[in-house]
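Enquirer: My questions all concern the structure below.
The values are calculated or read from the model by the stated rules, or taken from the named source; none is laboratory data. Because the structure is a prediction, the values reported are computed rather than measured. Cβ coordinates were reconstructed from backbone atoms using ideal geometry, including for glycine residues, and neighbour counts include every protein chain displayed. Ligands, DNA and RNA are excluded from the accessible area calculation, which covers all protein heavy atoms including side chains. Shrake-Rupley method; radii C 1.70, N 1.55, O 1.52, S 1.80 Å.
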Amino acid sequence: MIKQIRGLHHVTSLASNARDNNAFFTDVLGLRRIKKTVNFDQPNVYHLYYGDEGGTPGTVMTYFPFPGMHKGAPGTGEVGSTRFAVPKGSLSFWRQRFEDKGMAGSEMNNAFGEQSIAFQGPDDDGFELIEVADDGRVGWTGNGVGEQAAIHGFHSASMRLRDAEATGELLSFMGYEQIDKAGNTTRYAVAGGNEANIIDIETLPSADHADQGAGSVHHIAFAVEDRAAQLEVRKALMDTGYQVTPVIDRDYFWAIYFRTPGGVLFEVATNEPGFDRDEDTAHLGEALKLPTQHEHLRERLEETLQPL
Ligand code: ZN
């Protein structure tokens, strides 16, 4: 069994408009933009990162905004809801804020003994804020969101699958333990994690498969401490029959990817070297940062990428 996973590292989704996406995460949710770079495989598209002050693994929501991308259709084989942890007693603040910002359709819920509010992003992305007591993480404040309400990082990600069994077995192999079940949802948690420790699987045997597009989660990444731990995880997955990519340098972390039985793309990413490797923590996310292989494109990209 794998023992090196420390919870979620980041969640990466797709969007249709970079400026709307940036405004939503900073002005509405009050996260900090911690990196403005490009998709390393398609450098004419941004890769935007939002999180806490330093972009601590377990707080980092990232987006590829493809201008004008068609909207995804929700279904199985994907992460349907990305959940953030907020302080106890803050949901009324958030509900009011969403109303003030003209967002329709947010919904108060209670599941697994937790109070939450479900809402949608600019491309109908599925999100929830869940009240958590005793979350030791410190949220980024500003843009009208104070300490009493600030997002602490991820609470969990929830997958929708036709058949939960094989993916449940994979999570167990990755060090997660089944801790609860409510209705058609099974909850898994990893011990010794970074507080973004929960994964839910919602089983929908007869639902249609999702059509990936703007508003869809592209992949979720799990955190490991360093490259040595990542190589151990890679070997364990491959020994079990998973096809795993070679280790890829993403400048701020090292990444491996593999497809899960239920269709969701998983990544395992290192906590090292982190988002302050090429700019000061005080100025994270301000300048356009390009990986070395795309630095020669800077002039063109500065002209063609939509101003945020
Ligand atoms: Zn990723």
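Enquirer: Calculate the spin-label point distance for A23 paired with E53, positioning each point 7 Å from the Cα along the beta-carbon direction, and give it in nanometres.
Expert: For E53 paired with A23, the spin-label model returns 2.9 nm.
Enquirer: Taking only the C-alpha atoms, wrap a convex hull around the stretch 23-177 and report its volume per residue in Å³ as a whole number.
Expert: Details: hull volume 22.9 nm³, N = 155.
About 148 Å³ per residue, rounded to a whole number.
Enquirer: Over 18 Å between Cα atoms, which of K35/K71; K36/K289; K36/K71 qualify? Write out the running numbers ahead of the final one.
Expert: On the way: K35/K71 25 Å; K36/K289 6 Å; K36/K71 23 Å.
In this structure, K35/K71; K36/K71 exceed 18 Å between Cα atoms.
Enquirer: Expected output is a single nm value to one decimal: the length gained when fully extending between H70 and S92, i.e. 0.36 nm times separation in residues minus the C-alpha distance. What is it?
Expert: Numbers: separation 22, 0.36 × 22 = 7.92 nm, distance 3.30 nm.
Full extension of this stretch gives 4.6 nm more.
Enquirer: Run through every distinct alpha carbon pair of the chain and return the Kirkwood hydrodynamic radius in angstroms, one decimal place. Could the numbers behind the result be given before it?
Expert: Working: mean 1/r = 0.0512 Å⁻¹.
Answer for the chain: a Kirkwood hydrodynamic radius of 19.5 Å.
Enquirer: Which order do the peptides 201-209, 183-191 take when ranked by the mean count of other beta-carbon atoms within 10 Å per residue, highest first? Before the final figure, lay out each step's value.
Expert: On the way: 201-209: 14.6, 183-191: 16.8.
The peptides rank, most packed first, as 183-191, 201-209.
Enquirer: Hey, another quick one. In deg cm²/dmol and to the nearest 500, what is the mean residue ellipticity at 222 nm of the chain if only DSSP H runs of at least 4 residues count, each as -39500 (n - 2.57), divided by the residue total?
Expert: Details: 5 runs with 45 residues, N = 308.
Computed ellipticity for the chain at 222 nm equals -4000 deg cm²/dmol.
Enquirer: Compute, for the stretch 8-304, the length of the dipole vector about the Cα centre, with Cβ point charges of +1 (Lys, Arg) and -1 (Asp, Glu) only. Units Debye, rounded to 20.
Expert: On the way: 25 positive and 45 negative charges, 53 e Å.
Taking the Cα centre of the stretch 8-304 as origin, the dipole is about 260 debye.
Enquirer: Residue separation times 0.36 nm, minus the C-alpha to C-alpha distance between L297 and S206: what's the value?
Expert: Numbers: separation 91, 0.36 × 91 = 32.76 nm, distance 4.67 nm.
Residue separation times 0.36 nm, minus the Cα-Cα distance, leaves 28.1 nm.
Enquirer: Roughly what would the spin-label model give for D163 and D239, points 7 Å off Cα along C-beta, in nm?
Expert: Rounded to a tenth, the inter-label distance reads 2.7 nm.
Enquirer: Under the 0.36 nm per residue contour assumption, what length would be gained going from the current alpha-carbon distance of D124 and D249 to full extension? Each step should come with its number before you reach the end.
Expert: Working: separation 125, 0.36 × 125 = 45.00 nm, distance 3.09 nm.
Value of the extension gain: 41.9 nm.
Enquirer: Ignoring ligands, DNA and RNA, what percent of the accessible area of the chain is carbon or sulfur (1.4 Å)?
Expert: That share works out to 47 percent.
Enquirer: R0 = 41 Å: FRET efficiency of D100 with T304, Cβ-based, nearest 0.05?
Expert: The computed FRET efficiency comes out at 0.75.
Enquirer: Next question, about the same structure. I'd like to verify something in the chain: which complete DSSP H helices, judged by Cα projection on the helix axis, reach 15 Å or more and average at least -0.5 on the Kyte-Doolittle scale?
Expert: Details: long enough: 227-239 (18 Å, -0.33).
Correct list, ordered by number: 227-239.
Enquirer: In the stretch 8-304, with Lys and Arg counted as +1 and Asp and Glu as -1 at Cβ, which of these residues, V38, A15, A157, has the Cα nearest the positive end of the dipole, that is, farthest along it?
Expert: Of the candidates, A15 comes out farthest on the positive side.
Enquirer: Would you give the gap between the C-alpha center of the stretch 290-308 and the C-alpha center of the stretch 34-76, rounded to a whole Å?
Expert: Measuring centre to centre over Cα atoms gives 16 Å.
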